[in-house]
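All of the numbers you see were taken from the coordinates with simple rules; none came from a lab. Note that the coordinates shown come from a computational prediction; the quantities given were computed from them, not determined experimentally. Positions of Cβ are generated from backbone atoms using ideal geometry, with glycine treated the same way; all protein chains shown enter the neighbour counts.
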Amino acid sequence: MAVPLRPSTLGEILDRTAQLYRENFVLFAGIAAVYAGLLLGLNLAEIGLDSALAGLHMVRAERLLAAVSILLSVLAAFISAGLAIAANNRAVGWLSLGRAATIRDAYAAILPRAGRYLWLLTATAFVVWTPMALVYGGYLGFALSYAHVVQPFTAGNVPARVGSMAGFAIGTGIFLLLVIPAAIWAAMMTLRYALAVPACVMEGLKAREAMRRSAELGRGARGRIFMLGLLAVAIQMGLVLLTQSAFVVLQVQHHGVLPAWLRAVQQVMAFFTNTFVGPIYATGLTLFYFDQRVRKEGYDIERLMEAAGLGAAALPEAQATDGGR
């Protein structure tokens, strides 16, 4: 389905996102399944090893495994999710311009520049989350320095404890006040660079150029992009509540520790949630990218001229849009 290239309202973009998703569900779910499947495999492996170590009563090994599995999961999630987002953008770009797209072709098109896309995501994450990380890191150090506050009262240290409690309360209050501007900064920068990956994929830009392009192209659309993000989060939260609430109840019934087979089922349900919801936001952002180009650059007229053989044959983004095909 070629998406009409004309200025669109938020409702029209949301409708097109849903229509594109329905008509190409296997394509988008397949792209997201690569990311979700990798996480599923790692989590199932961690559950199996954890069960084996528990049977051998190797407590220290269990703790080490938990720490290593968290690090591996975060790294794998970042890499696979970044590539899945780029592949999704590539597929949406082709479909929007009336071209065929497959899972294999989408990944084949973005893999030669995988490092560029991952660096772009790293750079944007650094800009977005550094203030929040500093706030939480500072509070963690502060809380560790006041760890004695939670120790039981003794007759000899009541005055010191009262003073410690007051200092801890003040520090916690300052932390809560600092979280608010850090969260606002994160939201503003997320919206500022929301179109960076689509711009990088479609136009073959380097990371810094793509970030600048997003800041310029997205101006005037950030409120609408915010609404798209809210919708994607609401859908994801709804599916998480639907698929994970039963496991929360079972965890309470099992005193906080689920049997291995239930944990495995929980991860399988998470796989389906990630596969179904993951493509929605990336698809919508790519449509916003095209919409902003139409509004600011007359991209619809440019495409019509190219189709009529009246435009320049080699535009800067032409090869990137073709994906080397």
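Per-structure values
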{"quantity": "Convex hull volume per residue for the stretch 10-322, taking Cα atoms only, in Å³", "calculated": "168 Å³"}
{"quantity": "For the stretch 10-322, size of Cβ-based charge dipole, Lys and Arg +1, Asp and Glu -1, in debye", "calculated": "480 debye"}
{"quantity": "Packing-based order for 70-76, 93-99, 192-198, using average beta carbon neighbours within 10 Å, highest first", "calculated": "192-198, 93-99, 70-76"}
{"quantity": "Cα pair distances in the stretch 69-145, grouped into 5 Å bins until the bin that holds the longest one, percent each", "calculated": "3, 14, 16, 17, 16, 12, 8, 6, 4, 3, 2, 1, 0"}
{"quantity": "Highest to lowest packing among 23-30, 231-238, scored as the average C-beta count within 10 Å", "calculated": "23-30, 231-238"}
{"quantity": "Computed label-point distance, nm, for sites ALA108 and ALA76 using a 7 Å Cα→Cβ extension", "calculated": "2.7 nm"}
